[in-house]
1. If you plug each phi of the stretch 769-786 into the Karplus form 6.51 cos²θ - 1.76 cosθ + 1.60 with θ = phi - 60°, what whole-Hz ³J(HN,Hα) values come out, in order, with x for Gly and Pro?
2. Looking at the stretch 660-729, which GluC sites (Glu not before Pro) are DSSP coil and have at most 10 other C-beta atoms within 10 Å of their C-beta?
3. What residues have an amide H closer than 5 Å to that of ILE383, excluding those fewer than 5 places away on the same chain, when H is modeled at 1.01 Å from N in the peptide plane?
4. Tell me which label goes with the value of Cα Rg over 2.2 N^0.38 Å computed from the coordinates here: (1) 1.24; (2) 1.58; (3) 1.06.
5. Report relative contact order for the chain in percent, whole number only (criteria: Cα-Cα under 8 Å, sequence separation at least 6).
6. Rank the residues LYS85, LYS526, LYS361 as a footprinting-exposure proxy: fewest other Cβ atoms within 10 Å of their Cβ go first.
7. Arrange the following residues from fewest to most other Cβ atoms within 10 Å of their Cβ: ASP649, ASP369.
8. Pull out the extension gain between GLU212 and PHE784, defined as 0.36 nm times the separation in residues minus the alpha carbon to alpha carbon distance; nm, one decimal.
Amino acid sequence: MLMFIRFALLFVSLIGSTITAVATDAQFHAEDFEYFERRIRPLLSEHCFECHSAQAKTVHGGLLLDSAAGIAAGGDSGTLIVPGKPEESLLIETLHYDGIEMPPKGKLAAADIAELTLWVQRGAPFPPSADVVARPSGKIDFEKGRQFWSFQPLREPPLPEIANTNWPRNRVDWFVLAAIERAGLTPSPRADRATLIRRLSFDLTGLPPSPERLDAFVNDDSADAYERLVDELLESPQYGEKWGRWWLDMARYTDRTASWLPKTTQAHLYRDWVVKAFNDDLPFDEFIHRQLATDLMSETGPEDLPALGFLSLSPTYWKELKLPCELINVIVADEWEERVDAVSRTFFGLTVACARCHDHKFDPISADDYYGLAGVFASTRHIERPLISDEAYEPVRVAKEEVAKLEAKMAKLKRQKPLPQEQMDELAAKIKDLKTSTPLYDTPMANALSEESMYVVRAGKTPEQGTRLEYRPEPRDLPSFIRGNPNRPGPVIPRRFLTVLTDEPRPYQNGSGRLELAQSITTEAKALTARVIVNRVWLAHFGQGIVATPSNFGQQGDRPTHPELLEDLAARFVAEGWSIKRLHREILLSETWQQSSAVAVDDNHADPENTWLSRANRRRLSFEEWRDAMLVVSGVLDPTAGGPSVPLDTASNHRRTLYATIDRRDMSPTFMIHDFPDPTQHSPMRMATVTPLQGLFAINSPLLNQQSQRLATELQQGEFDDDRSRIKEAYLRLFSRDPSDRELELGLAYLAGPVAVNDAKSEAHFARWRQYTHVLLASNEFIFID
């Protein structure tokens with residue numbers, strides 16, 4: 001018992017605030033307002049604004065629902081909403097026709113009531129009308145809209161004037177230092193070498209540096225030692241694994257597609273393609289083109305088909321074809337909306353999907369713009385395609401069709417009594433022969449696309465006879481759905497790009513238009529696309545973006561803190577070939593990135609959020625980085641790259657977390673409690689939380705128990721003379737530094753216990769070592785980067 005208490009005290013002292021700190025920031029994020037625009041405003045507009053808005057002829061009950069202030073004020077019947085508590089909210093009560101019955105024309109559909117209930121549960125986010133005034137529908141001034149900062153052409157601004165001309169190492173530093181000096185601050189000193197290599201190693205590879213690499217760098221006095229280290233890490237295969245996972249957050253990657261889709265075990269081909277693309281430094285414009293339309297590009301081949309996983313692994317919703325086609329129409333339209341949202345937010349940072357039901361309330365994006373893009377995805381079918389040419393695959397296709405027929409016969413025979421075993425054996429032999437005698441039979445099949453349009457049609461003459469999905473080889477233009485309802489079609493809108501980003505929108509002519517869309521993103525939207533990706537990379541390196549809303553560069557998004565810096569980086573990013581590695585290199589070689597995270601008291605008061613970057617930001621490791629680092633320091637990391645995924649919580653899984661199974665419909669609880677992004681939707685950035693569940697995981701999880709035991713074994717069996725040398729080795733592996741005298745004293749005292757037992761083979765001594773390493777693996781210093 002005494003040993004456990006000592007262990008607990010040591011655990012708490014080293015973990016510090018990791019368990020006890022609780023996030024208190026209740027402010028809404030841009031994603032909450034996007035949710036409101038896409039899901040809630042259309043419902044309020046259709047069912048409530050006629051009587052409860054500033055434009056209503058008569059405002060009923062003194063209640064306004066078209067502004068945050070109006071909702072907060074309530075009406076004659078009292079408070080309308082208790083944020084987070086739908087069961088106490090008058091709005092939800094009236095929707096259920098419990099007492100007051102609203103809307104008076106008829107009770108809302110159950111799905112609509114559920115959506116409004118969820119909105120209240122989320123805190124009832126409503127865009128702040130005081131900051132941005134919503135625009136009436138049908139009144140977009142596109143010429144004026146093009147004057148907004150993010151729609152402007154790229155330009156390379158001149159370097160600003162600064163006082164300390166000795167500090168900048170490259171152009172990044174000039175722009176940052178100008179802002180620092182304007183704020184009356186001074187840059188922090190450069191971080192020490194041990195801190196730099198640990199920070200750099202995690203930033204580029206997601207792994208800690210080895211003690212050997214640490215020693216070599218710290219003791220390398222050459223002027224270009226740091227620059228060579230940056231280049232070395234950029235060329236390591238682990239670079240693509242770290243940054244591939246970064247991209248998969250935005251691509252809403254999953255290893256397991258929905259159960260109602262044709263079964264596939266090949267989703268990992270997209271993940272592996274992304275990793276390779278980053279390692280090869282595929283120019284970012286080509287990276288976009290291939291993910292949207294590599295099958296339509298003459299310069300790419302079957303080996304690039306996995307790139308189409310960005311679209312072909314999109315969330316697909318269940319369609320019960322016994323239901324009337326009017327209901328299936330809505331489900332299909334929701335899928336098209338999801339594609340529009342993912343593509344527009346990921347590649348050019350606009351919330352185009354907010355214009356499904358009406359013109360965008362804040363940005364110069366019309367409903368016609370939305371349907372111009374939606375038509376591209378309505379003309380695209382998700383299929384599987386082989387990683388060889390169609391000609392080479394033809395014999396395989398024929399053989400697989402024959403195998404399918406034989407397997408159907410076997411299934412029929414299995415149901416017969418008595419079982420005709422001789423016929424079963426004969427069919428099984430034929431199947432085996434077809435599989436072994438057909439060359440390339442096991443060719444991998446990628447989740448890909450074909451140029452086909454989906455139509456929802458009645459299965460019979462009446463709605464009661466259900467629905468049929470029909471695929472046709474020609475592309476289709478969608479009508480503009482009135483209030484987003486596919487069962488109320490308006491004028492047909494040609495497939496095309498956004499009006500605000502083009503001189504004059506031209507209809508897409510080549511098939512679905514996917515390739516033309518991809519090209520529009522990197523030509524007509526070039527400036528916006530470049531700003532968005534540069535900001536994303538900056539955010540990943542600094543923990544804060546130049547624009548704090550990385551997937552919203554519209555009116556409701558934040559304005560850039562360093563606009564000239566963003567312009568300079570984006571303009572040169574395009575001019576120098578869209579190279580992500582070159583962008584990394586410039587950022588990482590800057591004095592700005594190499595600053596210490598130490599906070600000067602005066603600077604902390606003047607700039608508590610470090611908006612002006614007068615110091616480095618301390619950053620918490622993602623769960624993947626933390627787990628991978630544990631595997632590295634305990635010596636069990638399996639470096640095997642690529643291939644099918646492995647369940648995360650399998651005890652024998654020692655591969656990088658990148659290769660753990662992501663199941664969109666059945667996420668690992670371990671992922672869920674560690675802020676892993678929701679793979680059903682585009683995730684612009686990781687949101688770090690601190691919760692009791694995470695603390696309990698750190699204390700009790702099999703992962704920490706297994707790796708602490710493995711690390712203790714490594715240290716006990718290594719070539720170390722005593723506990724003093726073992727503690728030093730542990731600190732080098734975990735923290736990239738030597739322990740202080742005080743830390744060494746504490747460790748030795750704990751390991752000695754009530755009775756000094758330093759025999760490495762002692763069971764009690766090993767138990768203390770396991771507990772000691774457990775604490776180190778869960779400590780703040782291991783989980784955070786300075």
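Just so you know, all these numbers are worked out from the coordinates, no wet-lab data involved. Not measured: the values here are computed from a predicted model. For neighbour counting, all protein chains shown are included, and Cβ atoms are generated from backbone atoms with ideal geometry for every residue, glycine included.
1. Values per residue, Gly and Pro as x: 4, 5, 5, 5, 5, 4, 4, 4, 5, 9, 6, 4, 5, 6, 8, 10, 10, 7 Hz.
2. Details: sites: GLU714, GLU719, GLU729; in loops: GLU719.
Loop-located and lightly packed - GLU719.
3. ALA448, LEU449, SER450
4. (3)
5. On the way: 1210 pairs, mean separation 141.1, N = 786.
Worked out over the chain, it gives 18 percent.
6. On the way: LYS85 12, LYS526 19, LYS361 22.
Ordered by Cβ neighbours within 10 Å, fewest first: LYS85, LYS526, LYS361.
7. On the way: ASP649 15, ASP369 29.
Ranked by crowding around the Cβ, least crowded first: ASP649, ASP369.
8. Numbers: separation 572, 0.36 × 572 = 205.92 nm, distance 2.13 nm.
Here the answer is 203.8 nm.
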